[in-house]
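So the structure is just underneath, and the comments pick up after that.
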Number of protein chains: 2
Amino acid sequence: MADDYQLPLNGNGNGAALNGNNNGHHTESPMKPLLELYVKASGIDARRIGADIFCQEFWMELYALYEIGVARVEVKTVNVNSEAFKRNFLGAQPPILIEEDKQATYTDNREIEGRIFHLAKQYGVPLFEKDQLVEKCIEGLYRNFKLFLRAKTEFDKDKKEPSLIEAAPPQIKTHYNRIVEQLNGIDQLLADRRTRYLVSDNMTEYDCELMPRLHHMRIVGQRLLGFDLPHKFTYLWNYVLTAYRTAAFIESCPADQDIILHYKEQLNLFYHQRESLQTPTKTHTIPSRVLDDITRLGIAASN
Amino acid sequence: MADDYQLPLNGNGNGAALNGNNNGHHTESPMKPLLELYVKASGIDARRIGADIFCQEFWMELYALYEIGVARVEVKTVNVNSEAFKRNFLGAQPPILIEEDKQATYTDNREIEGRIFHLAKQYGVPLFEKDQLVEKCIEGLYRNFKLFLRAKTEFDKDKKEPSLIEAAPPQIKTHYNRIVEQLNGIDQLLADRRTRYLVSDNMTEYDCELMPRLHHMRIVGQRLLGFDLPHKFTYLWNYVLTAYRTAAFIESCPADQDIILHYKEQLNLFYHQRESLQTPTKTHTIPSRVLDDITRLGIAASN
């Protein structure tokens, strides 16, 4: 008997099956569509989740559908370099969404989102609620971060540790300032709204987009860039804390080591094997000074 | 002085610069955005256009914007296996859209389409006119074709030539029938509407989606599958002829050999080197019997 939700467990490649009805009982619902999401495996261990940003984004959206019982979801990690994968998916790259009942394979991000959008609409799930202000606030943040990442790692190429941002040339500072300005905008928006998520107290696609990106920025920033989300942005950090308390985020989040390796591969950086030797860990805590600020303001993300 | 449109010429990797005002005179317009589209190069020759379906789709959309003078467009072929490319684009795959003025790199199909959509809206170009009927008609056609492609080539694996579809096992016939049924639907729609393109006499995103896919189906069908678009679908063939007379399609269309190689690579088929030894050709004609039918019906696509 198929369960409603299956995801790969780090280390054994398949595993935990959860029930979509949140009550511990299994109710067969033959009409509930089964959606299989193929996500990129980690370069360290093909049974672990890799850090492709779109894979996590769609995983979060699908989790939202599973969570309220409108879909069954199975997530599978795939080694994109294996011949079996290449032949099976005709050269397509993850994320790939398969809906066996409809014999449909969605390989284009527009198609995947279109299918999730359609399901959300059909079941009245407000996952795709439009919000122009949020859209404007978060648009381009990750793109800007990647520009910063490339420039800063290029500048730091022969250094043992990332240099201080204060000591970087103006061009890199410009990249940095643009990101901080945009993070400030998001902090402001959250301060004005006092909502748990960007649009309201419900998670929407915007959160599925922003949460993984903020987390990547944080993990990669620390290890490769000498960068952190500025601690003064209390509302932004509280939002990060919300991510760490959101099942859709936690379930779909790769280990720190897999995130670091992902960007190292992309940047073609010298590969120390450090990540592959470490026991996988997940940073899902925030700096204690920031946590104090959040507590003082009384805005802590509820569980 | 930059020209409005630049595309790679087969063989020399860069070249023809066209003017967006259609009058032979060059008008400087500093506000006109410059959009650079990076498309996958052919596996035969990195200076030739590869057959990635999304690359051609976006190229056609961008051409539509260029054609009426709202954007400058440059198309560049990239060898995705080169270290320079990997590092420069941080692991992203073409199509990639760059807008230097905004320091923006769009690597997600949703983002690329979003940017083109926004520009089309801004300048009142009806490229994204919605049409539910068209959407329903063309949805999933290419996905179904790929299922057929995979099953049929697997079945024909050890044969010298593609087998006849009549002789194929029921499962493959089911795939085939589904495609023919859908092509019939498109033929009917075009017969009912008597329009040049799917929605009206103006090209829309639906045409940018369908035209390359129909052409691929035709080229790959002939060489690898013993399949052709059924000749009785006169309106559908007339639509294919329209593609062959549409600048956006012609400009962005890879050579037959590059299309065949693209699918052979995806299917991991034995590589005869046949394609790479041939002079690149483009099939932009239709069977003469079908052309006679079109002429008899008096529905020929105008130039």
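Nothing in this text is a laboratory measurement; each read-out follows from the coordinates by a stated rule. Note that the structure is a prediction, hence the values are computed from the model and not measured. Reconstructed Cβ throughout: ideal geometry from the backbone, glycine too, with neighbour counts over all protein chains shown.
One way to sum up the overall shape of the range A:107-217 is the equivalent ellipsoid from its Cα gyration tensor, whose semi-axes run 33, 18, 10 Å, largest first. Extension gain for A:Leu291 to A:Asp228 (0.36 nm times residue separation, less C-alpha to C-alpha distance): 21.2 nm.
Here the Debye sum runs over all C-alpha atoms of the range A:40-145 as equal scatterers in vacuum, and log10 of I(q)/I(0) at q = 0.16, 0.19 Å⁻¹ comes out as -0.85, -1.12.
Among A:Val134, A:Val75, A:Val240, which one shows the highest mean-square fluctuation when chain A is modelled as a Gaussian network with alpha-carbon springs under 10 Å? Of A:Val134, A:Val75, A:Val240, the most mobile in the Gaussian network model is A:Val134. Sites count as exposed loop sites when they are chymotrypsin sites (Phe, Trp or Tyr not before Pro), lie in a DSSP loop, and have at most 14 other Cβ atoms within 10 angstrom; the longest stretch of chain B without one is B:124-269. Sparsely packed loop sites in the range B:96-151 (the GluC sites (Glu not before Pro) outside DSSP H, G, I, E and B with at most 16 other Cβ atoms within 10 Å) comprise B:Glu129, B:Glu139. The region of chain B that goes longest without hitting one of the trypsin sites (Lys or Arg not before Pro) in a DSSP loop, each with at most 10 other Cβ atoms within 10 Å, is B:1-129. Per residue of B:102-108, other chain Cβ atoms within 10 Å of the residue Cβ number 5 on average.
Looking at chain B, the DSSP beta bridges with both ends there are about 50 percent antiparallel. Legend: helices of chain B (whole DSSP H runs) are marked when their alpha-carbon atoms reach 18 angstrom or more along the helix axis and their mean Kyte-Doolittle hydropathy is at least -0.5; marked are B:53-67, B:141-155, B:205-220. Give the shape of chain B as rounded, prolate or oblate, defined through the alpha-carbon gyration tensor: a ≥ b ≥ c are the square roots of its eigenvalues, a/c under 1.5 means rounded, and otherwise the shape is prolate if a/b is larger than b/c and oblate if not. Oblate shape, in that a/c is at least 1.5 and b/c is the bigger or equal ratio. The tail of the calculated P(r) for the protein assembly as shown beyond 47 Å holds 16 percent of all Cα-Cα pairs. Compared with the alpha-carbon gap, the fully stretched path from A:Gln278 to A:Glu135 is longer by 47.7 nm at 0.36 nm per residue. Ranking of A:Met203, A:Met31, B:Met217 by neighbouring Cβ atoms within 10 Å, starting from the fewest: A:Met31, B:Met217, A:Met203. When the Cα gyration tensor is reduced to axis lengths a ≥ b ≥ c, the ratio a/c is 1.5 or higher for the range A:174-285, and with a/b not above b/c it is classed as oblate. Of all lysines in the structure, the ones whose alpha carbon falls short of 28 Å from that of B:Lys157, not counting any fewer than 8 places away in one chain, are A:Lys86, A:Lys102, B:Lys40, B:Lys146, B:Lys173, B:Lys264, B:Lys282. The modelled label-to-label distance between A:Ala247 and B:Ala84, using points 7 Å beyond Cα along the C-beta direction, is 5.1 nm. Taking the DSSP bridge list for the protein assembly as shown and keeping only pairs wholly inside it, about 50 percent are antiparallel. For chain B, a Gaussian network of Cα nodes joined below 10 Å ranks B:Thr281, B:Thr204, B:Thr234 by mean-square fluctuation, and the top entry is B:Thr281. Of the residues B:Thr174, B:Thr279, B:Thr105, the one with the fewest other Cβ atoms within 10 Å heads the list, and the complete ranking is B:Thr279, B:Thr174, B:Thr105. Taking B:Gln93, B:Gln171, B:Gln222 as the candidate residues, the one with maximal mean-square fluctuation in a Gaussian network model of chain B, Cα springs under 10 Å, is B:Gln171.
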